[in-house]
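Here is the structure we will look at.
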Ligand code: SAM
Ligand code: SF4
């Protein structure tokens, strides 16, 4: 079991496959950034599989592949095929302290640009589910937010993911005042009509341009209020455990689900179970970390499995108690969301 110094159990690993992206979402990577200097610094698939295997043997139950845009990484299906073996109990027998650990959930977050033609093969390779980003249902607004004219492709991706059984298909929308807050109810309606699990996320200071402005954050409470006025919502669970979202069903029993993620106005760090691995092999213990831990060099130095495990345990012990977005002395994270892996 991986436990930090505050007693939080770490069960959820986010793996960034690349820092590159073909979208230019203004809240993430508006101007684009040069990709990591050298190809050699990016973890190979073999290294990712080895690291994930170790993490699973230590109690990680969920792995989410992300980026940048993870589907830009060539042959990602092959990586998924290998990672999905971690879901099989007997291979390898990941035994620690008398407990047998295995991966329970393998997911991927994508902007959806190429998912329509790949959904089926991703499912066949062993992917359980996908999250697709969709911040607007209006063509012009979608383009203004993401920098690309790809709304139709993303809508087709959502359909293809459902057809392929990558379910429950989850859709992420970052809500930014003056940009898409007028679409909150439309997006909720879209979730109802298409039986989707829609996640509304507060805008966080993780954009590469450092233009985040508190005034543009639409609070989770306001998002709830606006949806609830039109489509009354029913809270699914009184507690959310280590989940980031408060989840609601529609009170009239319509299909679909609403999740509200409010890291800025309702911090949930006390229950955090997440850890992140960047494309260049750095462990980040928090989205807002200002330091990273070089697992890649440890691995490449020829360290034994035991030494790597010790390194991981020590790093996790240094996980920050919370983020400091609301403190006067807040220092932005050392990298933007596209590098860290959302
Ligand atoms: N490219 C993929 C995508 O867009 O789904 C995966 C990577 S992206 C960094 C992962 C998630 O982070 C997306 O749903 C995106 O909307 C969210 N995100 C990016 N920047 C954010 C910010 N500043 N605040 C809140 N969420 C953000
Ligand atoms: Fe690319 Fe995803 Fe960031 Fe948008 S949110 S720029 S699609 S990495």
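Based on the Cβ-Cβ distance of residue 88 and residue 240, what FRET efficiency does E = 1/(1 + (r/R0)^6) give at R0 = 25 Å, to the nearest 0.05?
0.25
For residue 331 and residue 120 in one chain, what is 0.36 nm times their gap in residues minus the Cα-Cα distance, to one decimal in nm?
Net length gain for the segment: 71.8 nm.
Looking at the chain, send over the antiparallel percent of its DSSP beta bridges, to the nearest 5.
Percent antiparallel among DSSP bridges in the chain is about 35.
Using the Kirkwood radius over Cα pairs, work out the Stokes-Einstein diffusion coefficient for region 169-216 at 4 °C and 1.567 mPa s, in µm²/s as a whole number.
Calculated translational D: 110 µm²/s.
If each residue's Cβ is checked for other Cβ atoms within 10 Å, how do 204, 267, 1 rank with the fewest at the top?
Neighbour counts put them in this order, fewest first: 1, 267, 204.
What is the percent of Cα-Cα separations in region 206-268 that go past 16 Å? Show your work: numbers first, answer last.
On the way: 1029 of 1953 pairs.
Here the long-distance tail beyond 16 Å is 53 percent of all Cα pairs in region 206-268.
Measure of size requested: the Rg and Dmax of the chain, with Cα atoms as the atom set and Å as the unit; please supply both.
Rg, Dmax (Cα atoms, Å): 19.3, 59.
Report the extension gain between residue 310 and residue 3 in nm, rounded to one decimal, defined as 0.36 nm multiplied by the number of residues separating them, less their alpha carbon distance.
109.3 nm
Calculate, in nm to one decimal, what residue 181 and residue 41 gain on full extension: separation in residues at 0.36 nm each, minus their alpha carbon distance.
Here the answer is 46.5 nm.
Show me the ranking of peptides 277-288, 176-187, 210-221 by mean Cβ neighbours inside 10 Å, starting with the highest.
Put in order of decreasing packing, that is 277-288, 176-187, 210-221.
Using the alpha-carbon atoms, what tilt in degrees (0 to 90, nearest 10) does helix 220-230 show relative to the longest principal axis of the chain?
It works out to around 40 degrees.
Which ordering of 239, 131, 18, 41 is given by a fewest-first count of other beta-carbon atoms within 10 Å? Don't skip to the end; give the middle numbers.
Values: 239 7, 131 21, 18 24, 41 15.
So the ranking, lowest neighbour count to highest, is 239, 41, 131, 18.
With every atom except the alpha carbons ignored, what do you get for Rg and Dmax of region 1-84, in angstroms?
For region 1-84, the Cα-based Rg and Dmax read 14.8, 40 Å.
Take every Cα pair under 8 Å in the chain that's 6+ residues apart, average their separations, divide by the length, and report that relative contact order as a whole percent.
So the answer I get is 21 percent.
Of 135, 75, how do they rank once you tally other Cβ atoms within 10 Å and put the fewest first?
Ascending number of Cβ neighbours within 10 Å: 75, 135.
Tell me what the chain gives for mean residue ellipticity at 222 nm when only DSSP H runs of n ≥ 4 count, each as -39,500 (n - 2.57), the sum divided by the residue total, rounded to 500 deg cm²/dmol.
Value at 222 nm, helices only, nearest 500: -8500 deg cm²/dmol.
To the nearest 10 degrees, how steeply does helix 45-57 sit against the main Cα axis of the chain, on a 0 to 90 scale?
90 degrees
Once both labels are modelled 7 Å past Cα along the beta-carbon direction, what's the residue 252-residue 271 spacing in nm?
Result: 3.0 nm between the two label points.
Sorted by packing (mean other beta-carbon atoms within 10 Å per residue), highest first, where do 249-257, 156-164, 80-88 land?
156-164, 80-88, 249-257
In degrees, nearest 10, range 0 to 90: what is the angle between the Cα axis of helix 184-193 and the longest Cα principal axis of the chain?
80 degrees
Where a number appears in this text, it was derived from the coordinates with a stated rule and is not lab data. Predicted model, so just to flag it, every value in this text is computed and none were measured. Backbone-built Cβ (ideal geometry, glycine too); neighbour counts: all protein chains shown.
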